[in-house]
Amino acid sequence: MRRLAKSALTACMMMSSGVYAEAQQAVSDINLRPGVTDISSQVYDLHMMMFAICVGIAVLVFGVMFISMYLHRKSRGVKPANFHENVKVEIAWTVVPFIILIVMAIPAAKTLIAMEDTSAPDMTVLVTGSQWKWHYKYMDSDVEYYSLLATRREEIENKYDKRDNYLLEVDRPLVIPTGQKVRFLITSDDVIHSWWVPDFAVKKDANPGFINEAWTRVNEPGIYRGQCAELCGKDHGFMPIVVIAKEPAEYAQWVSEQEEMRALAREEEQRLLAMNMDMSELMAEGERVYNAVCAGCHMPNGEGLPGVFPAIKGSNLALNDMPGHIDIVLNGKTGTAMQAFGNMLSLKELAAVVTYQRNAWGNNTGDVVQPKDVNAIAKGE
Amino acid sequence: MALQSENHNMVFRLVIITCAMFGFGFAMVPLYDVFCDITGINGKTNETAVVYSAPEIDTSREVAVEFITRTHKGMPWEFSATTQRIVVHPGELNTVEFYVRNPARRDIVAQAIPSVSPGTAALYLNKTECFCFNHQPLAAGEEALMPMQFYVDPQIPDDVTVFTVQYTLFDVTARADDPKSLDNPFLSGSNAE
Amino acid sequence: MSNVADSTASNDATLDGHHGDAHHDDHHDHIPKGISRWLLTTNHKDIGTLYLWFAFIMFLVGGAMAMVIRAELFQPGMQIVDPNFFNQMTTVHGLIMVFGAVMPAFTGLANWLIPMMIGAPDMALPRMNNWSFWILPFAFLILLSSLFMEGGGPSFGWTFYAPLSTTYSNDSTGLFVFSVHIMGISSIMGAINVIVTIFNMRAPGMTWMKMPLFVWTWLITAFLLIAVMPVLAGAVTMVLTDKYFGTSFFDAAGGGDPVMFQHIFWFFGHPEVYIMILPAFGIISQIIPTFSRKPLFGYASMVYATASIALLSFIVWAHHMFTTGMPYQAEIFFMVATMLISVPTGVKVFNWVATMWRGSMTFEIPMMFAIAFVVLFTIGGLSGLMLAITPVDFQYHDTYFVVAHFHYVLVTGAVFSIMAAVYYWLPKWTGKMFDITLAKWHFWCSLISVNVLFFPMHFVGLAGMPRRIPDYALQFADFNKWISIGGFAFGLSQLIFLALLIKACRKQGEPVSDQVWDGAEGLEWEIPSPAPYHTFDTPPVVK
């Protein structure tokens, strides 16, 4: 009996190692991916070991059961036996699974301890989730930005064909160097989110007001995609994560480019303050910004979702109180889902989106909001 | 009837258990805090000032403390740490300062919530003075420098060489008693404008 | 040990009068007519019937919501509903299936069967029994009506994690909290009734270790219910006060902690899982011996295994929260504790197989469902074991792998066991054999479609599809199409069951004997078929 069990188990192991080899070639559709870090491949091995053990147990138990169902049928004229206990057998099948469990727990605990060891990182990124986007801030350089879904609304609404990375593409991916220990500090601005990149085997909840840590060391340059993994409201399915791992030299170049871009953007802001933009330019830019960041809640038609997200169309704030309107866009509203966009959008974008909201969908106030108007309110003047 | 009174007795006892378990649900709130205090499970730090006990300073070791500042959704303040990273010897008393400014058009009362990662380090971070112990009001346009004084317990495990302290500012104007009556002790004399 | 075996093997009670010390005959055998029979009934059989029909209606309502979910997920892109409504569907589907379908169905079975199995004339507290049922429809009316509010019903998942359910929810939360309170009160009253009945109403000679396993598992379940339903009530109360009364249990701004919500919720939530599966173990332990014509293997170890599962269920809750950020010491503790649960669960499965071994089996419909239960529940249990391994759970957590896991244990586990139980005892209840052809159709259609529905979920989950999303990346499209097709087929299959039940309630079919099934043993098989309105007015004596 025991020999039988053992050989059945080996057979399963062999079967599943066949699966193993195949799965590594075709990453994808039916199995966990081995990923691109040492940890993720350890996790993958644990997964395959667990899978093999489970298949082994299943084959054994169901095997005995189906044999019994075949042999011990009344239609074969079998007379039932009358045994109903056997202390030895019962002890055996309590103790043996117990031992198997211990065997499984030891490598799992080892991997777990390695995963939770965030000490001595080479660099740190602060990852902040909010409804429904991610924000990345490099703690070691002057780079920070939001990362939003880049899939077009028309694709989601089935008006355009869906591109390859449908729902798994963002406007500005996170960029990290390969071969370095990158520590992620993870937190949230509103509800609980969860930052998950399967190829790194990193999934950590972003809790509002609290900070969590995770780390990775990517072995291969490439583009890795993940998604938010904790239900975070209406557009939970639409906040993907894209990470690009670059060779350290390329990465360093990317960082300096980013820092330069930020400096340029600041200069541009200053220049804008002295200028007036015209209505049509603001409306065009405003519509783009509105659809990218506002339409998720307030809907493309400005009517919001009654009882959940207020309408902008016809609202007092958008028709009359212009400083109040700019203030709420800049600073958000406490205790609601309305967040502060002052840090996320440029002065030009803010001016454009407020102008758009005040003139679209029949909100025909004719108001033109300039970057300097926004700046005045932002500076508390 | 015997059976009936036996039944009622039993129902009575079971109802008591039910009520006790309802109470237990609420008792989990303080129990959780106690549990966190002991294990540092959620990275919360002490909520009231500790007295600096002047422990022996362990000059053989260095611990880096990083500060992260954040404002919660709907909180318009500018908030930054003047010192973002400081290397300290366990036992030595240090002060760091945080800059805040209220750019909004209304008076706002803030509450800073600290969170430490890794969570176990929170057990060894002792704050003798912190802006996070109280509500912090700022009138529209005001700014302030808020100090935080702390020392790292020399008992801190050897494998903790760096830890991160995050402060998140929340707008608690709605739940503060009377925002006008609260004076900010750290107010920097004149208003920003 | 040997008398244990005797009892389970034989239970040959004699229906002997004059042993009832505490019962006088105030029953009359006429059955009240009309609507007031059902509104005012204190009869355990009527209340059992009400519970079972209620559960079945809720099963269809919750199932209809699952159909909406699967229709939206049939192909990538948003086609039928908007994401907000999709979230309401997943939330209310979960709440209805857990609190409206599975739990009331088990309570209904308990009402029908426990008095008959232990030789009691009725439940110990018949009037409370009536209330505990009749408040239930109101709870679900409130919950369902919240869907028609401005902004819709609850959309934060059946686990209602704060702060999504507090600061960021709409005003339907108040109705949600109120309805969960009523559901909780109902199940606590039901549980108290079961405990008092089992403790005080057993027939003479029905000692603890002679009780049928269904009674045992329900007794332990009832204790779990009164231990954790109040904790759930506490959690929803805190959500209510956080949202409307300015407390900050779960709000960091006021010194609270959103992660604490998850601790409190799962302290309820994990025992809740066993509330939904222990009675199923009891049912299967009744059915397999009958159709194997052989006493249950390891009766005593079954009882101990059930009790140890129940106890262990209190110390594993944080395995639902590995990604929230815990020290690794805590993670290892919860991982090992969770794995330990598989030992007593394994013992149960081994015992069932050993019961079948060298029996003389026939495969009537209840046995078919029981065997399907053993196989498919074990698959769900094994994927649960995989989920317990913390480092790998980081990859599985909140993906369709988890959805596959808990639907295997709850649909092919709990729901299949309820169907098995209905087929097993229905002839006793109606006195007529159900339509076997329809039953076979129901079984095979359900079995095939449920696997088409849930098995591919393992694959999309491993490939990286998160749960609770209304739209998905293109690589998941093929499997999702199959999952949806399986879902529609499984939904339609239940209409066969509905037809069969309507026929059975109209008393169509061949009359059955008192014993009904060839190998059935126990007190309920010794009373006439159909079971008379009042049974065991004078308690039987169990030898």
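The values are calculated or read from the model by the stated rules, or taken from the named source; none is laboratory data. Bear in mind the structure is a predicted one, so any value in this text is a computation, not a measurement. Cβ sites come from the backbone with ideal geometry, for glycine too, and all protein chains shown count toward neighbours. These area figures cover heavy atoms from the full protein model, side chains too; ligands, DNA and RNA do not enter into them. Shrake-Rupley method; radii C 1.70, N 1.55, O 1.52, S 1.80 Å.
From C:Phe297, C:Phe322, C:Phe281, C:Phe291, which residue is in the same structural domain as C:Asp518 (by TED's automatic domain parsing), within 28 Å of A:Pro208 (Cβ to Cβ) and surrounded by 24 or more Cβ atoms within 10 Å (Cβ to Cβ)?
From the options C:Phe297, C:Phe322, C:Phe281, C:Phe291, the qualifying one is C:Phe322.
Checking B:Val34 against (1) closer than 30 Å to C:Met229 by Cβ; (2) open to solvent by less than 40 Å² (accessible area, probe 1.4 Å): exactly one of these is not met. Which one?
(2) is the only condition that B:Val34 fails.
Just to be sure, is B:Phe12 surrounded by fewer than 19 Cβ atoms within 10 Å (Cβ to Cβ) and either in a helix (DSSP H, G or I) or not assigned by TED's automatic domain parsing to the domain that holds B:Thr168 (or both)?
Criteria met by B:Phe12.
Collect the residues in the stretch C:464-481 that are farther than 18 Å from A:Arg33 by Cβ, at the interface with chain A (Cβ under 7 Å from one of its Cβ atoms) and in contact (Cβ under 8 Å) with a residue 60 or more places away in the chain, keeping them in residue-number order.
Result: C:Arg468, C:Pro470, C:Asp471.
Looking at this structure, is A:Phe66 part of a helix (DSSP H, G or I), at the interface with chain C (Cβ under 7 Å from one of its Cβ atoms) and modelled with pLDDT of 90 or more?
Here the answer is no, as A:Phe66 does not meet what is asked.
Only residues that are crowded, with 24+ Cβ neighbours inside 10 Å and not hydrophobic (A, V, I, L, M, F, W, C): list them for the stretch C:111-131, please.
C:Asn111, C:Pro115, C:Gly119, C:Asn129
Could you please let me know if A:Ile186 is open to solvent by less than 20 Å² (accessible area, probe 1.4 Å) and touching a Lys or Arg at 6+ places or on another chain (Cβ under 7 Å)?
yes
Filtering the stretch A:218-241 down to residues that are away from chain C (no Cβ under 12 Å) and either assigned to a helix (DSSP H, G or I) or under 20 Å from A:Val143 (Cβ atoms) (or both), which residue is least open to solvent (accessible area, probe 1.4 Å)?
Filtering the stretch A:218-241 for residues away from chain C (no Cβ under 12 Å) gives A:218-223.
From the residues that got through so far, the ones that are either assigned to a helix (DSSP H, G or I) or under 20 Å from A:Val143 (Cβ atoms) (or both) too are A:218, A:221, A:223.
Values: A:Val218: 1, A:Pro221: 69, A:Ile223: 97 Å².
For the stretch A:218-241, the residue satisfying everything is A:Val218.
Do we find a residue being more than 30 Å from the chain's Cα centre (by Cα), hydroxyl-bearing (Ser, Thr, Tyr) and either modelled with pLDDT of 90 or more or open to solvent by 60 Å² or more (accessible area, probe 1.4 Å) (or both) anywhere in the stretch A:25-42?
No, the stretch A:25-42 contains no residue that is more than 30 Å from the chain's Cα centre (by Cα), hydroxyl-bearing (Ser, Thr, Tyr) and either modelled with pLDDT of 90 or more or open to solvent by 60 Å² or more (accessible area, probe 1.4 Å) (or both).
Mind checking which residues of the stretch C:297-308 are part of a helix (DSSP H, G or I) and within 13 Å of another protein chain (Cβ to nearest Cβ)?
Scanning the stretch C:297-308 gives C:Tyr299, C:Ala300, C:Ser301, C:Met302, C:Val303, C:Tyr304, C:Ala305, C:Ser308.
Just the residues that are closer than 29 Å to C:Ala531 by Cβ and charged (D, E, K, R), please, taken from the stretch C:28-75.
C:Asp29, C:Lys33, C:Arg37, C:Lys45, C:Asp46
Might you let me know whether the stretch C:83-101 holds any residue that is touching a Leu at 6+ places or on another chain (Cβ under 8 Å) and outside any helix (DSSP H, G or I)?
No, the stretch C:83-101 contains no residue that is touching a Leu at 6+ places or on another chain (Cβ under 8 Å) and outside any helix (DSSP H, G or I).
Take the residues in the stretch A:199-217 that are more than 15 Å from A:Leu112 (Cα to Cα) and in a strand (DSSP E or B), then tell me which one is farthest from the other protein chains (Cβ to nearest Cβ).
Only one residue fits best here, namely A:Ala206.
Looking only at residues that are at pLDDT below 90 and of a type outside the set (S, T, N, Q) in the stretch A:106-130, which one is nearest to the chain's Cα centre (by Cα)?
Of everything passing the filter in the stretch A:106-130, A:Glu116 is nearest to the chain's Cα centre (by Cα).
Filter the stretch A:103-127 down to residues that are within 14 Å of chain C (Cβ to nearest Cβ) and either touching a Leu at 6+ places or on another chain (Cβ under 9 Å) or in a loop (DSSP other than H, G, I, E, B) (or both), then give me how many there are.
Selection size over the stretch A:103-127: 9.
What number goes with the only condition from (1) more than 17 Å from the chain's Cα centre (by Cα); (2) away from chain A (no Cβ under 14 Å) that B:Gly141 does not pass?
(2)
May I ask you to say which residue of A:Glu281, A:Glu303, A:Glu268, A:Glu285 is in contact with a helix residue (DSSP H, G or I) (Cβ under 6 Å, 6 or more places away or on another chain) and surrounded by fewer than 20 Cβ atoms within 10 Å (Cβ to Cβ)?
None of the others qualify; the one that does is A:Glu285.
Out of the residues in the stretch C:440-463 that are of a type in the set (Phe, Trp, Tyr) and within 14 Å of chain A (Cβ to nearest Cβ), which is farthest from C:Ala420 (Cα to Cα)?
C:Phe459
Name the helices (runs of 4 or more DSSP H) wholly inside the stretch C:312-429 in which the number of residues that are under 27 Å from A:Tyr44 (Cβ atoms), more than 7 Å from every other protein chain (Cβ to nearest Cβ) and of a type in the set (S, T, N, Q) is 2 or more.
In the stretch C:312-429, the matching helices (runs of 4 or more DSSP H) lie at C:328-356.
Could you identify the single residue in A:His298, A:His325 that is at pLDDT 85 or above and within 14 Å of chain C (Cβ to nearest Cβ)?
Exactly one of A:His298, A:His325 is at pLDDT 85 or above and within 14 Å of chain C (Cβ to nearest Cβ), namely A:His298.
Checking B:Ala64 against (1) in a loop (DSSP other than H, G, I, E, B); (2) touching a residue at least 60 places away in the same chain (Cβ under 8 Å); (3) of a type in the set (Gly, Ala, Ser): exactly one of these is not met. Which one?
The number of the failed condition is (1).
Please go through the stretch A:306-338 and give me each residue that is buried (at least 19 other Cβ atoms within 10 Å of the Cβ), outside any loop (DSSP other than H, G, I, E, B) and among the polar types (S, T, N, Q), ordered by number.
Across the stretch A:306-338, the qualifying residue is only A:Asn331.
Among the residues of the stretch A:143-165, count how many are part of a loop (DSSP other than H, G, I, E, B) and away from every other protein chain (no Cβ under 12 Å).
Result for the stretch A:143-165: 2.
Inside the stretch C:145-170, can you point out the residues that are part of a helix (DSSP H, G or I) and surrounded by fewer than 18 Cβ atoms within 10 Å (Cβ to Cβ)?
C:Ser145, C:Phe148
Output the residues belonging to the stretch C:229-264 that are assigned to a helix (DSSP H, G or I), open to solvent by less than 10 Å² (accessible area, probe 1.4 Å) and more than 7 Å from every other protein chain (Cβ to nearest Cβ).
Answer for the stretch C:229-264, where residues must be assigned to a helix (DSSP H, G or I), open to solvent by less than 10 Å² (accessible area, probe 1.4 Å) and more than 7 Å from every other protein chain (Cβ to nearest Cβ): C:Met229, C:Leu232, C:Val236, C:Met238, C:Val239, C:Phe261, C:Gln262.
Restricting the search to the stretch B:90-136, which residues are of a type in the set (Gly, Ala, Ser), open to solvent by less than 10 Å² (accessible area, probe 1.4 Å) and under 26 Å from B:Ser53 (Cα atoms)?
Within the stretch B:90-136, B:Gly91, B:Ala112, B:Ser115, B:Ser117, B:Ala121, B:Ala122 meet the criteria.
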